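In what follows, a structure is listed as structure tokens, so that the remarks can point back to it.
The values are calculated or read from the model by the stated rules, or taken from the named source; none is laboratory data. Note that the coordinates shown come from a computational prediction; the quantities given were computed from them, not determined experimentally. Here the Cβ is made from the backbone with ideal geometry for all residues, glycine too, and neighbour counts use every protein chain on show.
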Amino acid sequence: MANLLAEKYNVFWHDYKVTVAAGKSAGIGLDALPPVRKAIGSGFDTKTITLSCGKLTTGVTVPQWSSILMLRNLKSPETYFQAAFRVQSPWSIKNPNGNDPNEEEVLKPVCFVFDFAPTRALRQLSEYGIGLSPNEPNPENAVKDLVSFLPVLAYDGANMTQIDAGGILDIAMSGTTATLLARKWESALLVNVDNDTLRRIMDNPEAMAAVERIEGWRALGDNIIETIINKSDKVKELKNKAKVKDLTEKQKKQLTDEEKEYKSKRKLVQEKLIKFATRIPIFMYLTDFRENTLQDVITKIEPDLFETVTGLTVKDFHLLVRLKVFNTEQMNQAVFAFRRYEDSSLRYTGIDSHPGLTYYGLYDTVVARE
């Protein structure tokens, strides 16, 4: 990249001092920062570009940096925004005229993040916004809060226009492949298999009977929930002993074996519950109600179809939701992505499957379509 910028034909970039903060020669960690600061100087009369492959993207403050161009296909929203926040550092000077010690002149009123992959960038933004507000039932509101501080601009061929939260989700969701969308229904976040949840199931005979009706559950063996709880309690007890005094070799082996066993059994339970959750999109494809919440469609409109597709009765499902076996906030987000993706796909082919529709029903809440 540095060599390309230095080519004779790239005349525009010849005014810029290019610092390569990458590779062994740049130094480890903060050792890469002094050459950057030296190149920038005061920042009033210099033009600089810093090239990095990961260095200086977290934990550093360079007030003069005013924009960042993302050329890496980052998957983690946290890493992405940590890098973006480097250019957000304020740059101002106090008492610029020497007359008022309380006066402050802001030299960098705005900063910019440019990205080579808009769909992926907006997906990062939507995931980050939703992650910041896990208890918000409407994903659009969660993203709206974030973009009020971090506006998204798009060039429409003539002007730069700001995109609202709905537009961000539309671009992010319609750019998602069907495979990625399906993975939302295979997410471990959809189900809770912690000890408290498993105890609630075990203490409720109706709940135990319900989970046993889930396909493949009986293959896990008798009393699997009780086994997981007992094994995890045993592991906890041994770990507490280890804090007080060193365990014997026999106890260490027991701890390792017990921990390995209860984790593998918990994973099996999790997989069976997720397998049930993956049936819900099939049910949504087979029903044509959009203004109703999925919960209403299951309980009031298509209960027989739900039982046929998933193997659980409405009563069973309600009970497991009430016991927090299924995470309704994550289900809202998964249904929201499904509805938007489905409608975007149909609109692309010129079909409006639900003309006049003003609302989307999610799992247990309804949001405006626009």
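The requirement of being at positive phi, in a loop (DSSP other than H, G, I, E, B) and either among the hydroxyl-bearing types (Ser, Thr, Tyr) or surrounded by 16 or more Cβ atoms within 10 Å (Cβ to Cβ) (or both) is satisfied by GLY43.
One line per residue, one yes/no per condition, for (1) in a helix (DSSP H, G or I); (2) touching a residue at least 40 places away in the same chain (Cβ under 8 Å):
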site: ALA219; (1), (2): yes, no
site: ILE228; (1), (2): yes, yes
site: ASP246; (1), (2): no, no
site: LYS267; (1), (2): yes, no
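Of the listed requirements (1) of a type in the set (Val, Ile, Thr); (2) in a loop (DSSP other than H, G, I, E, B); (3) under 25 Å from GLU105 (Cβ atoms), VAL36 misses just one: (2). The residues in segment 279-308 that are at pLDDT 75 or above and either among the basic types (Lys, Arg) or in contact with a strand residue (DSSP E or B) (Cβ under 7 Å, 6 or more places away or on another chain) (or both) can be counted, and the count is 1. For the residues ASP145, ASP170, the requirement of being modelled with pLDDT of 85 or more, among the acidic types (Asp, Glu), under 30 Å from ILE280 (Cα atoms) and over 14 Å from the mean Cα position of the chain (by Cα) singles out ASP145.
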